Amino acid sequence: MKNLKICAAVGAALAMSSGAFALNQTNTAAAPIQLVVAGASAARDTFSAEFQALCQPGTIDLYRVSAASSPDFRAYSCTLLNAAPVPTAIRNTNAAVYYRSEGGSVWGPGSIAKGLQIKKLVVDGGCAAPGFPNFGDCPATYTLATEAATGHLANATTDLGVSDEEPAMYRGENWVGGALGTEPASGVLESLSRSTGFAQTFGVLVNTSVPVDNLSKQDIASIYQGAYSDWSQVRNQATGQALPAGQITVCRREPGSGTQVSAGVYFLNQNCGISAEPFVAAPIGPAGNPVNELASTSGLEVCVSTNPGSIGPNIFKSSGLQPNTKYVSIDGTAPSKIEAAGGHYPYWFESSFSKRPGLAGNANTLADLLISRARAVAGIPGTSASAFAVPGVSGNSPVLPVAPAGTPVGIGTKSGNSCKTALGQL
């Protein structure tokens, strides 16, 4: 993407002249700018790429809890560029961003709304030294239900919440409870200061044993609410014939996951002020079919991969899928950010960024910079298979036909209300 190449070129020249170096464990922990972020796992990698684009080459270090399959707590550190788009006040300054996606989207706006400290990664000499783009592993143990932890995890105040939908969607069965406690009082989540970020495309992932590539929205809704438990209850949209008999295994995410909320809102009308159905709960559906609840995107993908006849909601990916999995079309339209941006594939939502009240100083400046990048097409990594920009932001003008590569701009926006149909801006 053009502006990232410009930033990299400027940063490279500055790095050569200033002797820039990667931030080791000590320099990461002592970085003058410390920003604690919590929330969406679907947005994690896009957020990371946005931050790294602001860094001087050769200064980036990445840390995480032990391994990719462990509790998802990460830290990104670097020396910020000594040039635009970084604001003058924080140029050439060491910064560390701690990103927690463990537990999903609700932990960002939820912890801010409740005024609760939650766990973040601790980077110190006990973490392995990273070698970019590899991570330095930090040993820890963690239990999501209780927030109990040992090792390189400690309580911290969330500065910035990142969620796949606006905070108001995280009510009812989409509020996680547990260590976050009861739901905030009416109006508290809804009144959080927030900015709409990039849009994300979601999809319906099935095991390749499912003998169709297209399902109706109605059939998917019936599966997700537990009314259908066998594939013979679903009809082939091309032939009108019932599919062969076979038990449906539902792979779902935990309450509070933005991916789970996406399915509840789009297919079951949850938190939209109209008749809604609950999502089928684990471990067994009403008719006895298995329902597996997973705590991560990777866990859901493995569930679909290893269970014939399985189905579940997922962020859309164009590559890197688990074996034996595929995305199905919905009512004849295949998922892609191009189809979503062009108004043809409606299963997408606009991410949301919520700053904690009182956030100030250089941490607030960095948070504002990252939010502005998440809103502008020039700041969204073109390599993301799911993310596209929304119109109505300076510099975000829809262009038709939608470009087949890079980061398209949607022809419409939901204006931060997930229950709305996108309104065209052309």
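The values are calculated or read from the model by the stated rules, or taken from the named source; none is laboratory data. Here the structure is a predicted model, which is why all the values come from computation and not from measurement. Virtual Cβ from ideal backbone geometry, glycine too; neighbours counted across all protein chains shown.
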Test result for TYR63, in the same structural domain as ASN174 (by TED's automatic domain parsing), among the aromatic types (Phe, Trp, Tyr) and in contact with a Pro (Cβ under 9 Å, 6 or more places away or on another chain): yes
Could you grab me the full set of residues in the stretch 351-369 that are within 16 Å of PRO109 (Cβ to Cβ) and surrounded by fewer than 24 Cβ atoms within 10 Å (Cβ to Cβ)? LYS355, ARG356, PRO357, GLY358, LEU359, ALA367
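Yes/no per residue for (1) among the hydroxyl-bearing types (Ser, Thr, Tyr); (2) modelled with pLDDT under 95; (3) closer than 19 Å to SER384 by Cα; (4) in contact with a Ser or Thr (Cβ under 8 Å, 6 or more places away or on another chain):
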position	(1), (2), (3), (4)
ILE274	no, yes, no, no
GLY285	no, no, no, yes
PRO290	no, no, no, yes
ASN324	no, no, no, yes
THR333	yes, no, no, no
Mind listing whichever residues of the stretch 260-305 are in contact with a Lys or Arg (Cβ under 8 Å, 6 or more places away or on another chain), without any contact (Cβ under 8 Å) to a residue 60 or more places away in the chain and assigned to a loop (DSSP other than H, G, I, E, B)? VAL280, ALA282
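Yes/no matrix, rows are residues, columns are (1) touching a Gly at 6+ places or on another chain (Cβ under 9 Å); (2) in a helix (DSSP H, G or I); (3) over 27 Å from ASP368 (Cα atoms):
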residue	(1), (2), (3)
THR150	no, no, yes
ALA154	no, no, no
VAL162	yes, no, no
GLU165	yes, no, no
GLU173	yes, yes, yes
THR182	no, no, yes
GLY187	no, no, no
LEU192	yes, no, no
SER195	yes, no, no
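Just the residues that are of a type in the set (Asp, Glu) and surrounded by fewer than 15 Cβ atoms within 10 Å (Cβ to Cβ), please, taken from the stretch 175-212.
Our first condition is that a residue be of a type in the set (Asp, Glu); within the stretch 175-212, this holds for 183, 190.
Result: GLU190, single match.
Of all residues being charged (D, E, K, R) and in a strand (DSSP E or B) in the stretch 306-360, which is farthest from CYS251 (Cα to Cα)? Just the residue, please. Explain how you work it out, then say what you get.
Looking only at the stretch 306-360, we keep the residues that are charged (D, E, K, R), and these are 317, 326, 331, 337, 339, 350, 355-356.
Among the residues that remain, those that are also in a strand (DSSP E or B) are: 326, 350, 355.
Numbers: LYS326: 14, GLU350: 23, LYS355: 32 Å.
So, considering only residues that are charged (D, E, K, R) and in a strand (DSSP E or B), the one farthest from CYS251 (Cα to Cα) is LYS355.
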Out of the residues in the stretch 398-415 that are among the small types (Gly, Ala, Ser) and at pLDDT below 90, state the one that is surrounded by the fewest Cβ atoms within 10 Å (Cβ to Cβ). ALA405
